[in-house]
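> Here it is: the structure, laid out below.
The values are calculated or read from the model by the stated rules, or taken from the named source; none is laboratory data. Predicted, not measured: the structure shown is a model, and the values here were computed from it. As a convention, Cβ positions derive from the backbone with ideal geometry for all residues, glycine included, and neighbour counts pool all protein chains shown. Side chains included, ligands, DNA and RNA excluded: accessible areas come from the protein's heavy atoms. Shrake-Rupley method; radii C 1.70, N 1.55, O 1.52, S 1.80 Å.
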Amino acid sequence: VTGYMAVPKKARPFLFYSAKEIAAAKTRAADPKAPWAKATLDSIVKSADTWLTLPVSVPTGEGAWSGFYVCASGPSLTYDRTSPKKHYCKADGKFYTGQPYDGCWFTRRYSELAKAARILGLAYRLTGKQAYAKRAAVILAGFTRVYMSHRLHDNRYGSSAETLVPSKSGGRLLSQTLSESSWLVSVLAAYDAVA
């Protein structure tokens, strides 16, 4: 049936935690005998507060396999969310540019934003603060805007449009189905929390 949208019969959230579990977590965090629970809640809220101030626009670019994000001498390059075109190697003391490093930066950024949306969604459920839900929604809308504009591509063969070998394990934002499925866990958790 074209245009049909499945509507869950359960109240959200329900994918990773329920409203009942959120209520129990808040009760536990208020219990003076469980200081670890309060510390955990405070940590979630602190992280969400940080994401209220950081840029959350979703960039456009194909992610590359994160295993390529390394210096010639071996250690990982330093990820800097503000530097999509220059990637610093502390060991070599130099910057790397171009592909596959730029693609790896996109992979890191997409993963970072998905995790931010998840944290914001959880903070919203734990505190009721609308600003968290709105910020998570901005990230999710950004992913929606760019996802289908990316070609199917993978770690080995590039995009299907560039090669004669169609990708069997490619992704759109990330370079393989495994990476995209892991990324999607955070995206789904965020959506479930704020839908």
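> Tally time: how many residues in segment 141-159 are part of a helix (DSSP H, G or I) and open to solvent by less than 20 Å² (accessible area, probe 1.4 Å)?
3
> Next question. Which ones in segment 140-170 are in contact with a helix residue (DSSP H, G or I) (Cβ under 8 Å, 6 or more places away or on another chain) and at pLDDT 90 or above?
LEU140, GLY142, PHE143 - these are the residues of segment 140-170 that are in contact with a helix residue (DSSP H, G or I) (Cβ under 8 Å, 6 or more places away or on another chain) and at pLDDT 90 or above.
> Could you list, ordered by first residue, the pairs with Cβ atoms under 6 Å in which the first is in segment 54-79 and over 22 Å from LYS94 (Cα atoms) and the second is open to solvent by 60 Å² or more (accessible area, probe 1.4 Å) and modelled with pLDDT of 95 or more, at least 6 apart or interchain?
Once the first residue is over 22 Å from LYS94 (Cα atoms) and sits in segment 54-79, its partners that are open to solvent by 60 Å² or more (accessible area, probe 1.4 Å) and modelled with pLDDT of 95 or more give VAL56/VAL138.
> Applying the selection to segment 20-69, what residues are modelled with pLDDT under 95, in contact with a helix residue (DSSP H, G or I) (Cβ under 8 Å, 6 or more places away or on another chain) and in a helix (DSSP H, G or I)?
Hits for segment 20-69 are SER66, PHE68.
> Next question, about the same structure. Out of (1) open to solvent by 70 Å² or more (accessible area, probe 1.4 Å); (2) outside any helix (DSSP H, G or I); (3) within 24 Å of VAL185 (Cβ to Cβ), the odd one out for TYR4 is which?
(3)
> So which of SER43, SER57, SER73 ends up being open to solvent by 60 Å² or more (accessible area, probe 1.4 Å), more than 21 Å from ASP154 (Cα to Cα) and touching a Cys at 6+ places or on another chain (Cβ under 9 Å)?
Being open to solvent by 60 Å² or more (accessible area, probe 1.4 Å), more than 21 Å from ASP154 (Cα to Cα) and touching a Cys at 6+ places or on another chain (Cβ under 9 Å) holds for just one of SER43, SER57, SER73, which is SER73.
> Another question about this same structure. Of the residues that make up segment 128-137, is at least one of a type in the set (D, E, K, R), modelled with pLDDT of 95 or more, surrounded by fewer than 14 Cβ atoms within 10 Å (Cβ to Cβ) and within 18 Å of PRO59 (Cβ to Cβ)?
Within segment 128-137 (the criterion being of a type in the set (D, E, K, R), modelled with pLDDT of 95 or more, surrounded by fewer than 14 Cβ atoms within 10 Å (Cβ to Cβ) and within 18 Å of PRO59 (Cβ to Cβ)), the answer is no, since none of the residues qualifies.
> Here's something else I'd like to know. Restricting attention to segment 97-107, does a residue exist that is under 22 Å from ASP42 (Cα atoms), open to solvent by less than 60 Å² (accessible area, probe 1.4 Å), at pLDDT 95 or above and not in a loop (DSSP other than H, G, I, E, B)?
Looking through segment 97-107, none of the residues is under 22 Å from ASP42 (Cα atoms), open to solvent by less than 60 Å² (accessible area, probe 1.4 Å), at pLDDT 95 or above and not in a loop (DSSP other than H, G, I, E, B).
> Continuing with the same structure: List the residue pairs whose Cβ atoms are under 6 Å apart, where the first residue sits in segment 86-102 and is under 23 Å from ASN155 (Cβ atoms), the second is open to solvent by less than 40 Å² (accessible area, probe 1.4 Å) and outside any strand (DSSP E or B), and the two are 6 or more positions apart or on different chains.
Listed by first residue and then by second, the contacts come to HIS87/LEU77; CYS89/CYS71; CYS89/LEU77; PRO100/ALA64.
> Ok, one more. Name the residues in segment 9-35 that are among the basic types (Lys, Arg), surrounded by 12 or more Cβ atoms within 10 Å (Cβ to Cβ) and closer than 25 Å to LEU184 by Cβ, would you?
Answer for segment 9-35, where residues must be among the basic types (Lys, Arg), surrounded by 12 or more Cβ atoms within 10 Å (Cβ to Cβ) and closer than 25 Å to LEU184 by Cβ: just ARG12.
> Which condition number does ASP80 fail, the rest of (1) closer than 21 Å to LEU140 by Cα; (2) open to solvent by 60 Å² or more (accessible area, probe 1.4 Å); (3) in contact with a Lys or Arg (Cβ under 9 Å, 6 or more places away or on another chain) being met?
(1)
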